[in-house]
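Visitor: Here it is, the structure, as structure tokens.
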Amino acid sequence: GALVYQYPRRTICKSGTSMRMECQAVGFQATSVAWYRQSPQKTFELIALSTVNSAIKYEQNFTQEKFPISHPNLSFSSMTVLNAYLEDRGLYLCGVSGGASYEQYFGPGTRLTVL
Amino acid sequence: GDSVTQTEGLVTLTEGLPVMLNCTYQTIYSNPFLFWYVQHLNESPRLLLKSFTDNKRTEHQGFHATLHKSSSSFHLQKSSAQLSDSALYYCALRGYKVVFGSGTRLLVSP
């Protein structure tokens, strides 16, 4: 499987501020990166799917204006949570897939706490 | 669109009993990929099983599942539950994107 890193692992930000999180795939060509939020109730919400050389596709209730994503190459992606509020709390996971591999490998996640 | 249904939110078992977690799906794709992920406390989801072959049993770490396209199912089974199996289990489907079920929490007690 792929090695996927995410940083920071935990972050706390004040309500209304923004924070950026990163996802790095090692030894694997991450042609697709999906960003998820796992709520305290443990449900998965897909935020957006980014495929290299294609437009980033955001799911309903998530926008580029709120969650801008960068996917500049096959090993790295970043996402920013702009103007974070309490409802943005949760574990943000990146799932990478690519090449002949159809499964998705997850990073350890970035846990966001909003005060 | 694609969807995955896990009917049980919580399954509680005594150690040694068999495990069966249900998963059914809906998709327009004739050759979907199905996955089971396991998430232990304070960890991220880890791939447990995967399959795209109809009626072929796939096994890993004592767990097994068989994709049945006729019934759109991919149930997860294990013959004997262990305490360490307590975790969240997610069934997932890959069409254009990966779609997750709502998850089943498995609690195994002594």
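The values are calculated or read from the model by the stated rules, or taken from the named source; none is laboratory data. These figures come from a predicted structure and were not determined experimentally. Note: ideal-geometry Cβ built from the backbone for every residue, glycine included; neighbour counts use all protein chains shown. Only protein heavy atoms, including side chains, enter the accessible area calculation; ligands, DNA and RNA are left aside. Shrake-Rupley method; radii C 1.70, N 1.55, O 1.52, S 1.80 Å.
Visitor: Consider B:Gln77 against the criteria (1) within 14 Å of chain A (Cβ to nearest Cβ); (2) farther than 17 Å from A:Gly95 by Cα; (3) not hydroxyl-bearing (Ser, Thr, Tyr): it satisfies all of them except one. Which criterion is unmet?
Guide: If we test B:Gln77 against (1) within 14 Å of chain A (Cβ to nearest Cβ); (2) farther than 17 Å from A:Gly95 by Cα; (3) not hydroxyl-bearing (Ser, Thr, Tyr), just (1) comes out false.
Yes or no, residue by residue, for (1) out of contact with any His (no Cβ under 6 Å at 6 or more places or on another chain); (2) over 25 Å from A:Leu46 (Cα atoms); (3) in contact (Cβ under 8 Å) with a residue 40 or more places away in the chain; (4) basic (Lys, Arg):
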residue: B:Glu43; (1), (2), (3), (4): yes, no, no, no
residue: B:Asp54; (1), (2), (3), (4): yes, yes, no, no
residue: B:His75; (1), (2), (3), (4): yes, no, yes, no
residue: B:Ala81; (1), (2), (3), (4): yes, yes, yes, no
residue: B:Tyr90; (1), (2), (3), (4): yes, no, yes, no
residue: B:Ser102; (1), (2), (3), (4): yes, no, yes, no
residue: B:Leu107; (1), (2), (3), (4): yes, yes, yes, no
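Visitor: I would also like to ask the following. Restricting attention to segment B:81-96, which residues are open to solvent by less than 50 Å² (accessible area, probe 1.4 Å) and out of contact with any Phe, Trp or Tyr (no Cβ under 7 Å at 6 or more places or on another chain)?
Guide: Answer for segment B:81-96, where residues must be open to solvent by less than 50 Å² (accessible area, probe 1.4 Å) and out of contact with any Phe, Trp or Tyr (no Cβ under 7 Å at 6 or more places or on another chain): B:Ala81, B:Asp85, B:Ser86, B:Ala87, B:Leu88.
Visitor: From the residues in segment B:13-29 that are of a type in the set (Val, Ile, Thr) and surrounded by 12 or more Cβ atoms within 10 Å (Cβ to Cβ), which one is farthest from B:Phe52 (Cα to Cα)?
Guide: Restricting to residues being of a type in the set (Val, Ile, Thr) and surrounded by 12 or more Cβ atoms within 10 Å (Cβ to Cβ), the top hit is B:Val19.
For (1) open to solvent by less than 50 Å² (accessible area, probe 1.4 Å); (2) basic (Lys, Arg); (3) away from chain B (no Cβ under 14 Å); (4) in contact with a helix residue (DSSP H, G or I) (Cβ under 7 Å, 6 or more places away or on another chain), each residue gets a yes or a no:
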residue	(1), (2), (3), (4)
A:Met21	yes, no, no, no
A:Lys42	no, yes, no, no
A:Glu45	no, no, no, no
A:Ser54	no, no, no, no
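Visitor: Would you mind stating whether A:Pro8 is under 14 Å from the mean Cα position of the chain (by Cα), more than 10 Å from chain B (Cβ to nearest Cβ), exposed (fewer than 15 other Cβ atoms within 10 Å of the Cβ) and more than 19 Å from B:Ala92 (Cβ to Cβ)?
Guide: Details: under 14 Å from the mean Cα position of the chain (by Cα): yes; more than 10 Å from chain B (Cβ to nearest Cβ): yes; exposed (fewer than 15 other Cβ atoms within 10 Å of the Cβ): yes; more than 19 Å from B:Ala92 (Cβ to Cβ): yes.
So A:Pro8 passes the test.
Visitor: Go through (1) crowded, with 16+ Cβ neighbours inside 10 Å; (2) within 14 Å of chain A (Cβ to nearest Cβ) and name the single condition B:Gly9 misses.
Guide: Of everything listed in (1) crowded, with 16+ Cβ neighbours inside 10 Å; (2) within 14 Å of chain A (Cβ to nearest Cβ), B:Gly9 misses just condition (1).
Visitor: While we're on this one: Within segment A:28-38, track down each residue that is modelled with pLDDT of 85 or more and not β-branched (Val, Ile, Thr).
Guide: A:Gln29, A:Ala30, A:Ser32, A:Ala34, A:Trp35, A:Tyr36, A:Arg37, A:Gln38
Visitor: Select the strands (runs of 3 or more DSSP E) contained entirely in segment B:37-80, then report the ones holding at least 3 residues which are open to solvent by 20 Å² or more (accessible area, probe 1.4 Å).
Guide: B:46-51, B:57-60
Visitor: Can you report the number of residues in segment A:99-115 which are open to solvent by 10 Å² or more (accessible area, probe 1.4 Å), more than 9 Å from every other protein chain (Cβ to nearest Cβ) and not in a loop (DSSP other than H, G, I, E, B)?
Guide: 3
Visitor: Let me confirm something: among B:Val38, B:Val19, which residue is touching a Lys or Arg at 6+ places or on another chain (Cβ under 6 Å) and under 24 Å from A:Ala34 (Cα atoms)?
Guide: Criteria check complete, one pass: B:Val38.
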